[in-house]
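Report on one structure; see the data block that follows.
No value in this document is a laboratory result; all are computed from the given coordinates. Predicted, not measured: the structure shown is a model, and the values here were computed from it. Cβ placement follows ideal geometry from the backbone for every residue including glycine, while neighbour counts extend to all protein chains displayed.
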Amino acid sequence: MSATTGATVYDDFFEKTALPDKFEEKKSEIEKFITLHKADNRRVVLVTSGGTTVPLESRTVRFIDNFSIGTRGSASAEYFLDHDYAVIFLHRQRSLLPFHRHIQHNILDCLTIMKDETATSLLSILQRYHDAQSKQRLLPVSFTSLGDYLHMLRAVCMLLQPLGCQAMLYLAAAVSDFYIPSNMMLSLQLVPKMLTPLVKDWTPQAFVISFKLETDKSILIRKARKALEEYQHKVVVANVLDTRKTEVVLVTNDSEEPIRLTQEEVANGTEIEEKLIQTLSSHHSKFCASQEQS
Ligand code: 9Z3
């Protein structure tokens, strides 16, 4: 039982949920990655991306899924790399991957494009990809089910602890609210809100950013503020389903900062994640500076 949260619901969930395949191997790979970048005093961000599944039976043929294909997470990971972060990319298996996303679904079009001037942009993506690979800055780790996701999330958070404020958590995955505790009975249960132990116990010193997704704009900021109050983390990125690619609001304890793409930026293919990550990276620097002073 956790001394800080005093709550067993979290432990209960983990006890009832099987460990992901190759859990120990994945953990030791992540630990090596973190140690490597800690030695260079580099900031490390955990980006979560894509949707979790909730299996309806033990040999999973049928499951509950959600819409997210991981555009937000995979694009954000690229911009974090541009800002010199090392990135642990915890993503839903077969969802979009950083760099690969530019060609993943249209390889034939891309090969055709290679013949004209648009090839320049693909070459720059290739260059950034090789850079990330050769400097070992990007570690993809996959999950499928809600249980796998939460086990991996907890494990990565614990491993990030030695980095203190140099660690950032960027929780963009679309996480199911419900799970099915037993295969005998198809009853849905509320998933415990893991941000509580995450902020209090798993990575108390890290810079934690969560996302709030709504379909109704009029309640968005209120809900984001409620999450900040409840979990006591640093930033909520609030977004509405239909406009998430052109507008988000960064909500902190004492500010509300809209980030938007202009029509011109939309037309020239700028991604909102470019502006978002630039802003968050500077918030993170200020946070670390304030921690080091105190
Ligand atoms: C988000 O709000 C992400 O921005 C999206 C990205 C999932 C909308 P895509 O993959 O979509 O680019 O298509 N993620 C968080 C969603 C979520 O589950 N939020 C919970 C909530 O709103 C809190 S953890 O209550």
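Listed here are the pairs K38/K275; K16/K200; K32/K135; K193/K245; K193/K234; K217/K245; which of them are more than 20 Å apart at the Cα?
Numbers: K38/K275 26 Å; K16/K200 22 Å; K32/K135 14 Å; K193/K245 26 Å; K193/K234 17 Å; K217/K245 14 Å.
Where the Cα-Cα span goes over 20 Å, the pairs concerned are K38/K275; K16/K200; K193/K245.
A P(r) calculated from all alpha carbon pairs of segment 145-294, with 10 Å bins opening at zero, reads 10, 35, 35, 16, 4, 0 percent.
For the chain, what is the calculated [θ] at 222 nm in deg cm²/dmol (nearest 500), taking -39500 (n - 2.57) for each run of four or more DSSP H residues and dividing by its residue count?
Values: 9 runs with 114 residues, N = 294.
Rounded to the nearest 500, the figure is -12000 deg cm²/dmol.
The residues C157, C288, when put in order of fewest to most other Cβ atoms within 10 Å, stand as C288, C157.
Within the shell of other residues whose beta carbon sits under 13 angstrom from the beta carbon of L81, the net charge comes to -1, with Lys and Arg scored +1 and Asp and Glu -1.
Ordering 29-39, 14-24 by mean Cβ neighbour count within 10 Å, with the highest value first, yields 29-39, 14-24.
Of the two radii for the chain, the radius of gyration is 0.96 times the Kirkwood radius, both from the alpha carbons; that is the Rg over Rh value. Relative contact order, whole percent, for the chain stands at 19, derived from Cα pairs under 8 Å and 6 or more residues apart. Find the centroid of the Cα atoms in segment 77-107 and in segment 141-156, then give the distance between the two in whole Å. Each part reduced to its Cα centre gives a spacing of 17 Å.
Within segment 138-227, report the trypsin sites (Lys or Arg not before Pro) that DSSP leaves as loop and that have at most 10 other Cβ atoms within 10 Å.
Taking segment 138-227 and a limit of 10 other Cβ atoms within 10 Å, no loop trypsin sites (Lys or Arg not before Pro) are found.
Of interest is the spacing of the C-alpha centroids, which for segment 165-204 and segment 248-294 amounts to 25 Å.
Farthest toward the positive end of the dipole of the chain, out of F23, L213, H233, is the Cα of F23, where the dipole comes from beta carbon charges about the Cα centre. Taking amide H atoms as placed 1.01 Å from N in the peptide plane, the amide H of V208 lies under 5 Å from those of L169, K234, V235, each 5 or more residues away in sequence or on another chain.
Give me the dipole magnitude in Debye, nearest 20, for the chain about the Cα centre, with unit charges on the beta carbon: positive for Lys and Arg, negative for Asp and Glu. Don't skip to the end; give the middle numbers.
On the way: 33 positive and 36 negative charges, 69 e Å.
Magnitude of the dipole: close to 340 debye.
When the Cα positions of A224, N268, V248 are compared along the charge dipole of segment 175-294, A224 comes out farthest toward the positive end, with charges on each C-beta of Lys, Arg, Asp and Glu.
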